[in-house]
Every structure is written in C-alpha cells, then in structure tokens.
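First comes the structure, then the notes that go with it.
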Amino acid sequence: MRATMSTPLTFAVPKGRILDEALPLMARAGVVPEAAFHDKSSRALSFACEASDMRIIRVRAFDVATFVAHGAAQAGIVGSDVVEEFAYPDLYAPVDLDIGHCRLSVAEPAGGSNNGPASHLRIASKYPNLTRRHFEKMGIQAEVVKLNGAMELAPGLGLASRIVDLVSTGRTLKDNGLTETNVILQISARLIVNRAALKTDERVAALVERFRALVNEAKAA
C-alpha cells in the first residue's frame with residue numbers, strides 16, 4: 001500500500017557526535033527540526049519539522065536501526081557499525097554521508113594480555129556479532145561479555161582480556177592503559193531507509209536522492 005502524504009515521514013537520528021555533524025547536512029536536505037529539538041533541557045524524543053509532513057525522533061544509535069528496520073521510522077542516520085552489527089534484511093543504507101568517522105577496534109592492556117588460551121578469548125563489547133565474526137575469521141572462539149559502556153575497565157578488573165569498541169583519537173584507550181591492536185571496521189555515518197518504505201513512499205526515494213546529491217556535491221568541491 002502506497003503511503004499517503006498525510007502520514008508524517010518519521011526520520012530517526014542518534015544522540016551524540018554523529019547528530020552534531022549530521023544537522024547541517026540534514027538542513028540542506030530539508031530535514032529541519034523545530035526549535036525545541038535544540039533545547040538541551042528537553043526530555044522529548046519526538047519533534048516536528050519545518051516540513052509539515054515530517055517528524056524527527058531522537059533515540060539511541062542502536063535503536064535508530066531498529067525503528068527503521070521495523071518500519072516505525074522510514075529513514076534515519078546512523079553509523080555503519082550499527083548497520084553491520086544488526087544486518088537487518090529490511091534495512092538499506094544507500095548513502096555514505098562521509099561524516100562521523102571513527103573505527104571499531106580491538107584493544108588490550110598495553111603490556112599484553114595473558115588471560116586465556118589463544119584459541120578462546122573473553123572480549124568485552126557492545127558489538128557481539130561483529131566481534132564474534134572478526135575472531136572467527138582468525139580461528140578464535142570469542143566469548144563476548146556485553147557491556148554498553150565503560151568498556152575500558154573490563155581488562156583491568158579481570159572481566160575480559162580484550163575489548164572491542166569505537167576508537168576516534170585513541171586517547172581514552174591510552175588513559176586507561178590499553179593499546180589498539182586490530183581495526184575491525186572503518187566507520188562513517190550512513191543514511192538508512194526501510195526497504196518497504198523506499199518502494200511505497202516517493203518521499204523516501206526523494207530524500208535519498210537529496211542526500212546523495214549533497215554528498216556528491218561535497219566530494220566534487
């Protein structure tokens with residue numbers, strides 16, 4: 001069933017650094033949230049847009065993918081780490097926005113790790129799927145302890161011998177006595193859309209083309 005113009009298009013964005021970088025690009029693509037969106041004291045999660053047929057929801061990065069994959073939101077912006085971790089079949093990431101650059105890496109204590117045999121490692125991460133796939137390629141069985149934050153504490157407290165986490169400058173690792181040993185994935189922010197919505201709502205296809213044109217324009221400049 002083709003969506004009607006009276007149904008608001010829901011655009012999901014993540015909290016944090018990617019959003020800060022994405023807002024100028026979103027504005028150029030016509031996705032401009034109402035003034036209340038920028039109120040730091042607000043606990044609201046859903047906001048109107050200047051375009052009356054659109055609304056924005058602001059949620060955790062992992063939840064952006066879930067909302068879009070299940071059709072609760074038709075489009076959004078999230079890091080490629082989230083796209084790769086979940087690999088939802090109904091999620092399509094048609095545009096690399098060339099912002100939000102960082103990497104997903106393995107790190108261990110700077111002096112090396114002696115916990116556990118090389119064939120079996122305990123890894124702390126909020127990316128269990130990407131972590132297991134990475135170590136499986138190396139012939140290593142990875143037992144993943146899922147943490148949502150404070151990953152750097154795990155090796156020092158004996159919870160895990162290594163961690164897999166996002167790295168930008170590497171300063172946080174260094175400050176916690178860890179060193180980066182392997183890069184699993186280079187990451188950038190992506191425009192994501194729900195596959196069914198792309199086929200049934202012409203506004204979603206138009207949104208994809210606007211973002212794609214802006215990225216191509218920036219590369220050509």
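Observations on the model:
- All positions within segment 22-35 that are crowded, with 17+ Cβ neighbours inside 10 Å and in contact (Cβ under 8 Å) with a residue 24 or more places away in the chain: Ala22, Leu25, Met26, Ala29, Val31
- Some residue of segment 174-181 being surrounded by 12 or more Cβ atoms within 10 Å (Cβ to Cβ), among the acidic types (Asp, Glu) and closer than 20 Å to Ala61 by Cα: no
Let's see how each residue does on (1) crowded, with 17+ Cβ neighbours inside 10 Å; (2) modelled with pLDDT of 90 or more; (3) farther than 14 Å from Val204 by Cβ; (4) not assigned by TED's automatic domain parsing to the domain that holds Val215:
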site	(1), (2), (3), (4)
Thr4	no, no, no, yes
Ser46	no, yes, yes, no
Ala51	no, no, no, no
Ala75	yes, yes, no, no
Asp81	yes, yes, yes, no
Ala87	no, yes, yes, no
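- Residue that is surrounded by the most Cβ atoms within 10 Å (Cβ to Cβ), among those in segment 11-21 that are at negative phi and outside any strand (DSSP E or B): Ile18
- Every listed requirement among (1) free of Cβ contacts under 8 Å to residues at least 40 places away in the same chain; (2) within 27 Å of Ile18 (Cα to Cα); (3) not small (Gly, Ala, Ser) is met by Glu108 save one, (1).
- Scanning segment 36-72 for residues that are part of a strand (DSSP E or B), in contact (Cβ under 8 Å) with a residue 24 or more places away in the chain and of a type outside the set (Val, Ile, Thr) yields Cys49, Met54, Arg55, Arg58.
- Evaluation of Ile163 against (1) crowded, with 16+ Cβ neighbours inside 10 Å; (2) assigned by TED's automatic domain parsing to the domain that holds Phe62; (3) not charged (D, E, K, R) (one fails), failing number: (2)
- Residues of segment 131-153 that turn out to be part of a loop (DSSP other than H, G, I, E, B) and under 11 Å from Ile163 (Cβ atoms), as a count: 4
- Among (1) farther than 30 Å from Pro24 by Cβ; (2) surrounded by 19 or more Cβ atoms within 10 Å (Cβ to Cβ); (3) charged (D, E, K, R), the one test that Glu143 misses: (2)
- Options Ala218, Ala205: the member that is under 24 Å from His70 (Cβ atoms) and within 23 Å of the chain's Cα centre (by Cα): Ala205
- Residue within segment 201-216 that is in contact with a helix residue (DSSP H, G or I) (Cβ under 6 Å, 6 or more places away or on another chain), outside any helix (DSSP H, G or I) and at pLDDT 95 or above present: no
- Residues (without any contact (Cβ under 8 Å) to a residue 12 or more places away in the chain and either assigned to a loop (DSSP other than H, G, I, E, B) or under 20 Å from the mean Cα position of the chain (by Cα) (or both)) located in segment 155-200: Leu157, Thr169, Gly170
The values are calculated or read from the model by the stated rules, or taken from the named source; none is laboratory data. If you're wondering where the values come from, they're calculated on a predicted model, not measured in any experiment. All Cβ positions, glycine included, derive from the backbone under ideal geometry; neighbour counts span all protein chains shown.
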